[in-house]
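K.L.:
Okay, here's the structure, questions in a sec.
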Amino acid sequence: MATMLIQGGRVIDPAHQLDQLLNLVIEDGVIAEITTGIPRTDEVIMAQGMIVSPGLVDLHVALRDPGGEEDEGTASGTKAALAGGFTTIAALPDTNPVVDNRASAEFVILQAERAGYCRVVPLGAITRNHQGEELADLGQLAAGGAGGFTDANRAVQSAEIMRRALEYARMLNRPIFAVPQDATLSAGGLMHEGYYSTVLGLRGIPAAAEEIIVGRDIALAELTGGHVHLMNISTRNSVEELKRAKGMGIRVTADVTPHHLAMTDASLVTYDTNLKVLPPLRSQEHVDALIEGLRDGTIDSISSDHRPFASEKKSREFDQVPFGVSSIETALAVVATVLVDGGLLDWPDLLRLLTVNPAKILGIDAGTLDIGRPADLALIDPAAHWTVDTRQFFSRGHNTPFQGKTLRSRVMKTIVGGEVRFSRQ
Amino acid sequence: MKSTWSRRHVLGLEDLSAAEITTILDEAARFKEMARHGEARHSLLKGVTICNLFFEPSTRTKTSFNLAARRLGADTVDFTAAASSLSKGETFIDTARNIEAMGVDHMVVRHSTSGTPFLLTKHLGTGVVNAGDGTHEHPTQGLLDLFTIREQRGRIEGLTVALVGDILHSRVARSNIWGLKKLGAKVIVCGPATLIPAEIRQLGVEVSYRLDEILEQTDVINLLRIQFERQRGAFFPSIYEYAQFYGMTSERIARAKSDVLILAPGPINRGVELTPDVADGPHSVILDQVTNGLFVRMATLYLMQLAREQALTTP
């Protein structure tokens, strides 16, 4: 029986309010014991000064496999995930072809197994080919391993289709993930509508484009009893609506991205195409509301929303480049810098947003340090300072606005099923 | 004078100080004065190559820049391409770098996307002058408007200037607002609510939806072109209704200040922004604007070349 001891670390398990200097014992890939004792094991990892956290869980990551291999691949994307401390990620279905059928979902799982880095849960499409017109094979997708359904960046515009998707997915006990955005109000939009869009002459996307669909989807969740999960919420009113809906017991959850917490629309004065994201970076009042929503528990989770792109796709005119940031390798450090260093959240609360909460949304058994569970862990040096250098990225996407920025805290080791799959020198 | 200028690029009037704007205007006035005395051609930019890199159609701006460069003795080369035809293969950055590699000193850049000239400065060693980028800025147009107003009135400070029409899609409006505010004018933007962009008041301008209400207090009225090609969907019910509320007619001129100046950046839609009798009437300085554009562009290119030489000689 192979045994491993992770000794002397600050063990944080948000699911059980655990935050103590302890030793964690792994036997045959499974968490066997969390103890003050020092049992004899085959292998010892010294973790003094480090946080020992459940492996992070990311609710939406673009692996671009198949069809977008110039931007990312399952191997590069899942290795990048490990470097970011993530042991389970949900893969967006907006590949080519779209994951709207069982074979495609199984291919995602097969590719992840071939790569052998982190665990991957496929997300299936809500509608066939993301066209928003007819439901994809939701039942077959679920049978093929899809943990939820989403049309990625394309919000389903038809309220009728969205209603039926929520009803059908409820039957399958799966959530519907949605980036809330009204297509008519956001058409042609490049950034948040406000002072800076006026000065820069970039077409704006008003906050209302998001809030209209947040309101609609909450109403549909109430109508159907289905679970809607709002991805990348970005506005003050979205947080308010979410709070109200949760108070009424409606099945709605939400996440935010690190970049929407770390930056505002003012940063676009550089016309840096790496700042072009969907929804757009908002103004300070919205950012403040998002942080407050994380603090009071209204917002459930933080997702990297990793959207890697080959450099030539981002080296174009601002209106020609696609939306997104290659973010999975910087996600934890960015939010730790903004929220923990900023004195807004402590480590256990931050890790709750990155582990047990997203695992619950996805309905998977992960994100905790339960005895008997597979040992999926992230070892984090909370004191590390490091400078982002895309040349060291494992992701093929180097599209990050954090290039050259100095961040606090770094993932040093990532363990999946008791096996050290990533270790930083 | 030259000590107040060190910029190798002119991307917008937002970046320029009042002193820098005045430097360009003074230099342009000097070129105009010399031309009046028969000294229209210079050899100040002899041996310098200037490329007109136009990714969007333009007739007068390109012609004006071309002529300005040649009056200074520079060699000019034109590169015109629809942005869309490039989108499949080479990026605009590759295009610009290829042209730079042929030995170009300055790029005059026009592009339908805001921010493109700024992005080019990150990739090129040449000087870059913005000849209009999307709905962001058109600095030399702003400068020639300022020049024309100053020439006609002797000053900018204290004047009330109205910008009328499509503010949302107008790069000319943004350059005018920055320049006029920096030189001390009061600025009113006037147009239908759908064409007034968000938070415009934060730029220090007043907003009006009724041309008739501001006629009596304005010294200068700049009639912006309705940008049919930039408009998505319906911003106003009809051209007819627009002309009724915002068109400059001789009847409105009669109610304005007796010495009101009428500017228009062109090309004008006669009968929409203004009627032909106004365009060709005594208050109109539209053709003066075009003339002055040449001198403003000469001044801009000349100052950019001075800054380039300074940058090359000082390590």
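K.L.:
Using R₀ = 35 Å, calculate the FRET efficiency as 1/(1 + (r/R₀)^6) where r is the Cβ-Cβ separation of A:Glu285 and A:Ile371; round to 0.05.
P.N.:
0.20
K.L.:
Still on this model: Other chains near B:8-15: what is the mean number of their Cβ atoms within 10 Å of each residue's Cβ?
P.N.:
1
K.L.:
Here is a further query. Beta carbons within 10 angstrom, averaged per residue: use that to sort the peptides B:255-264, B:35-44, highest first.
P.N.:
Per-residue Cβ counts within 10 Å, averaged per peptide and sorted highest first, yield B:255-264, B:35-44.
K.L.:
Specify the angular offset, from 0 to 90 degrees and rounded to the nearest 10, of the alpha carbon long axis of helix A:236-247 from the longest principal axis of the alpha carbons in chain A.
P.N.:
Computed tilt is about 70 degrees.
K.L.:
Going highest first, how would you order A:85-92, B:201-208 by mean Cβ packing within 10 Å?
P.N.:
Sorting A:85-92, B:201-208 by mean packing, highest first, produces A:85-92, B:201-208.
K.L.:
OK, next. Under the 0.36 nm per residue contour assumption, what length would be gained going from the current alpha-carbon distance of B:Gln244 and B:Val290 to full extension?
P.N.:
Length gained, B:Gln244 through B:Val290: 13.8 nm.
K.L.:
Same structure again: When ligands, DNA and RNA are left out and all protein chains stay put, how many square angstrom of accessible area per residue does segment B:139-289 have with a 1.4 Å probe?
P.N.:
39
K.L.:
Could you work out, residue by residue across A:315-323, how many beta carbons of other chains sit within 10 Å of that residue's beta carbon, and then give the average as an integer? Intermediate values should be presented prior to the final figure.
P.N.:
On the way: counts 6, 9, 16, 9, 7, 8, 0, 0, 0.
Mean shielding by partner chains, rounded to a whole number: 6.
K.L.:
Would you compute, for the Cα atoms of segment A:55-362, the largest minus smallest coordinate along each principal axis and list the three values in descending order, in whole Å?
P.N.:
The Cα atoms of segment A:55-362 stretch 48, 42, 40 Å along the principal axes, largest first.
K.L.:
Within 10 Å of each Cβ of A:201-213, how many other protein chain Cβ atoms are there on average?
P.N.:
On the way: counts 16, 6, 8, 4, 0, 1, 0, 0, 0, 0, 0, 0, 0.
Other-chain Cβ atoms within 10 Å of each residue's Cβ, averaged: 3.
K.L.:
Quick one: divide the alpha-carbon radius of gyration of segment B:139-289 by 2.2 N^0.38 Å and tell me what you get.
P.N.:
So segment B:139-289 has a normalised radius of gyration of 0.94.
K.L.:
Once neighbouring chains are kept in place and the probe is 1.4 Å, which whole percent of the accessible area of chain A is contributed by carbon and sulfur?
P.N.:
Answer for chain A is 48 percent, counting heavy atoms of protein chains only.
K.L.:
Quick one: which residues, 5 or more positions from A:Ile31 or on another chain, have an amide H under 5 Å from its amide H? H modelled 1.01 Å from N in the peptide plane, none for Pro or chain starts.
P.N.:
Amide H to amide H, under 5 Å and 5 or more residues apart or across chains, A:Ile31 pairs with A:Gly372, A:Arg373, A:Ala375.
K.L.:
Continuing with this model, one more query. Find how many whole Å separate the alpha carbon centroid of segment A:53-81 from the alpha carbon centroid of segment B:6-36.
P.N.:
Segment B:6-36 and segment A:53-81 have Cα centres spaced 52 Å from each other.
K.L.:
Something else: Could you name every residue in segment B:105-139 that has 30 Å² or more less accessible surface in the full protein assembly than in its own chain alone (probe 1.4 Å, ligands and nucleic acids excluded)?
P.N.:
Correct list: B:Thr113, B:Ser114, B:Phe118, B:Leu119, B:His136.
K.L.:
May I pose another question? What is the spin-label model distance, in nm, from A:Leu172 to A:Asn129 if the labels are put 7 Å beyond Cα along the C-beta direction?
P.N.:
2.0
K.L.:
Which ³J(HN,Hα) values, rounded to whole Hz and listed in residue order, are derived for segment B:66-80 from phi using the Karplus coefficients 6.51, -1.76 and 1.60 in 6.51 cos²θ - 1.76 cosθ + 1.60 with θ = phi - 60°, glycine and proline given as x?
P.N.:
4, 5, 4, 5, 5, 5, 8, x, 7, 8, 10, 9, 10, 10, 10
K.L.:
Still on this model: With r as the distance between the Cβ atoms of A:Asp346 and B:Ser43 and R0 = 60 Å, compute the FRET efficiency 1/(1 + (r/R0)^6) and round to 0.05.
P.N.:
Numbers: r = 70 Å, r/R0 = 1.17.
The formula returns an efficiency of 0.30 here.
K.L.:
Please report how far the C-alpha centroid of segment A:274-290 lies from that of segment A:158-210, rounded to the nearest whole angstrom.
P.N.:
After rounding, the separation between the Cα centres reads 14 Å.
K.L.:
Could you state the principal axis extents of the C-alpha atoms in the protein assembly as shown, from the largest down, to the nearest angstrom?
P.N.:
Each principal axis gives a Cα extent; for the protein assembly as shown these are 99, 61, 44 Å.
K.L.:
Over chain A, what is the relative contact order in whole percent, taking alpha-carbon pairs under 8 Å and six or more residues apart?
P.N.:
This gives 20 percent for chain A.
K.L.:
On a 1.4 Å probe surface of the protein chains, which of B:Arg110, B:Arg155, B:Arg225, A:Arg203 comes out largest in accessible area, and what is the full order?
P.N.:
Highest to lowest solvent-accessible surface, that is B:Arg155, A:Arg203, B:Arg225, B:Arg110.
K.L.:
Tell me the angle of helix B:92-101 to the major Cα principal axis of chain B, expressed in degrees between 0 and 90 and rounded to the nearest ten.
P.N.:
Between the helix axis and the principal axis of chain B, the angle is about 40 degrees.
K.L.:
Compute the semi-axes of the equivalent ellipsoid of segment B:7-132, taking the square root of 5 times each eigenvalue of the Cα gyration tensor, and list them largest first in whole Å.
P.N.:
26, 17, 13
K.L.:
Give, to the nearest whole percent, the P(r) tail of segment A:4-159 beyond 29 angstrom, counting all Cα pairs.
P.N.:
34
K.L.:
Same structure again: Find the accessible area per residue for segment A:55-362; the probe is 1.4 Å, ligands and nucleic acids are left out, and the unit is Å².
P.N.:
Counting only protein heavy atoms, the per-residue value for segment A:55-362 is 30 Å².
K.L.:
Now for a different question. By how many degrees, 0 to 90 and rounded to 10, does the Cα axis of helix A:159-172 deviate from the longest principal axis of chain A?
P.N.:
Around 30 degrees separate the two axes.
K.L.:
Obtain the nm distance between the two label points defined at B:Ala81 and A:Thr406 by a simple spin-label model: each point lies 7 Å from its Cα along the Cα-to-C-beta direction.
P.N.:
That separation, rounded to one decimal, is 4.1 nm.
K.L.:
Using Cα centres only, tell me the gap between segment B:93-161 and segment A:349-425 in whole Å.
P.N.:
45
K.L.:
Okay, next question. For chain A, with a Gaussian network of springs between Cα atoms less than 10 Å apart, report the residue from A:His306, A:His16, A:His260 with the top mean-square fluctuation.
P.N.:
Between A:His306, A:His16, A:His260, it is A:His16 that shows the largest mean-square fluctuation.
K.L.:
Calculated from DSSP H runs of 4 or more alone, at -39500 (n - 2.57) each and per residue, what is the 222 nm mean residue ellipticity of chain A, nearest 500?
P.N.:
Counting only the DSSP helices, I get -8500 deg cm²/dmol.
K.L.:
Carbon and sulfur: what percent of chain B's accessible surface (1.4 Å probe)?
P.N.:
51
K.L.:
Note down the accessible area of A:Arg170, probe 1.4 Å, to the nearest 10 Å².
P.N.:
Surface accessible to solvent at A:Arg170 totals approximately 120 Å².
K.L.:
Once the cut-off is 34 Å, how many percent of the Cα-Cα pairs in chain B end up in the long-distance tail?
P.N.:
Every Cα pair in chain B considered, those over 34 Å come to 21 percent.
K.L.:
Under the rule of at least 5 residues apart or a separate chain, name every residue whose amide H is placed under 5 Å from the amide H of A:Gly132.
P.N.:
For A:Gly132, whose amide H was placed from the backbone, the distant partners under 5 Å are A:Thr127.
K.L.:
Roughly how large is the B-A contact in terms of buried accessible area, totalled over both chains, probe 1.4 Å, nearest 100 Å²?
P.N.:
Numbers: alone 13560 and 15600 Å², together 27250 Å².
Counting protein atoms only, the buried area is about 1900 Å².
K.L.:
Can you list residues from other chains, or at least 5 along the same chain, whose modelled amide H is less than 5 Å from the amide H of B:Leu261?
P.N.:
Long-range HN contacts for B:Leu261: B:Val220, B:Ile221.
K.L.:
For the ranges B:234-247, A:220-233, what's the packing order if you count other beta-carbon atoms within 10 Å of each residue, average per peptide, and put the highest first?
P.N.:
Final packing ranking: A:220-233, B:234-247.
The values are calculated or read from the model by the stated rules, or taken from the named source; none is laboratory data. What you are looking at is a predicted structure, and each value in this text was computed from that prediction instead of being measured. So basically every Cβ, Gly included, is an ideal-geometry build from the backbone, and we count neighbours across all protein chains shown. Ligands, DNA and RNA are stripped out before the accessible areas are found, and what is left, the full protein with its side chains, is counted by its heavy atoms. Shrake-Rupley method; radii C 1.70, N 1.55, O 1.52, S 1.80 Å.
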